[in-house]
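Please read the structure below before turning to the comments.
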Amino acid sequence: MMTFEVTANRVDAAGSVVRAKQTELVIDTGMAGRPDALNPVELLLAALSACIIKGIERVAGTLGIEYDSVHVALTAHRPDDEARIDDITYVITVGTSADQGKLELLHKNLMKFGTIYNTVKAGTRLSGEIRAL
């Protein structure tokens with residue numbers, strides 16, 4: 001079993017600091033919000049995007065897909081009056097000459113083996129597409 005650990009400490013009314021391994025990240029935990037830090041929803045989307053990119057790093061070579069860039073754009077929709085995310089949509093753009101069939105196979109692998117992807121998908125509608133740049 002793998003274990004992951006993160007600690008978070010409130011700095012002031014506007015933000016907190018999250019620490020993991022040898023890094024730290026200032027996060028937006030204040031009621032007024034702050035433009036220089038990610039809020040909790042943006043952190044979730046960042047984790048999902050990292051999962052997708054890491055999955056591409058892991059699987060592309062096995063599928064014979066050469067690429068030079070990856071761009072992931074995600075959008076979360078939250079109702080104004082309820083504390084939940086209804087759905088997340090995404091577009092993965094890969095700088096590659098691989099055909100769409102190979103990209104769909106890559107996408108299928110991302111959906112099957114992505115840890116964060118599957119965790120989010122268990123409680124939120126998650127849909128997206130993959131395409132070549």
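Any read-out appearing in this document is the output of simple, stated calculations on the displayed coordinates, not a laboratory observation. Because the structure is a prediction, the values reported are computed rather than measured. Positions of Cβ are backbone-derived with ideal geometry, glycine not excepted, and every protein chain shown enters the neighbour counts.
Lysine pairs in the chain whose alpha-carbon atoms fall under 26 angstrom of each other, counting only those eight or more residues apart or on distinct chains, come to 9. Between 17, 91, 120, the GNM of the chain built on Cα springs shorter than 10 angstrom shows 17 fluctuating the most.
Over every Cα atom in region 66-121, the radius of gyration and the widest Cα-Cα span, Dmax, amount to 14.1, 45 Å.
Distance between the pseudo-spin-label points of residue 125 and residue 42 (7 Å out from Cα toward the beta carbon): 2.6 nm. Computing FRET efficiency as 1/(1 + (r/R0)^6) for residue 66 and residue 89, where r is the C-beta to C-beta distance and R0 is 35 Å, gives about 0.80. Which of 75, 23, 119 moves the most in a Gaussian network model of the chain with Cα springs under 10 Å? Maximum fluctuation in the GNM of the chain, among the listed residues, is at 23. Among the GluC sites (Glu not before Pro) within region 2-42, those in coil by DSSP and having at most 11 neighbouring Cβ atoms inside 10 Å are 5.
Ordering 59, 126, 75 by Cα displacement along the dipole of the chain toward the positive end leaves 59 in first place; charges were set at the Cβ atoms of Lys, Arg (+1) and Asp, Glu (-1). Maximal additional length on extending the residue 24-residue 115 stretch stands at 30.5 nm, based on 0.36 nm per residue less the C-alpha distance. Put simply, the chain fits an ellipsoid with semi-axes of 30, 18, 14 Å; these come from the alpha carbon gyration tensor as the roots of five times its eigenvalues, largest first.
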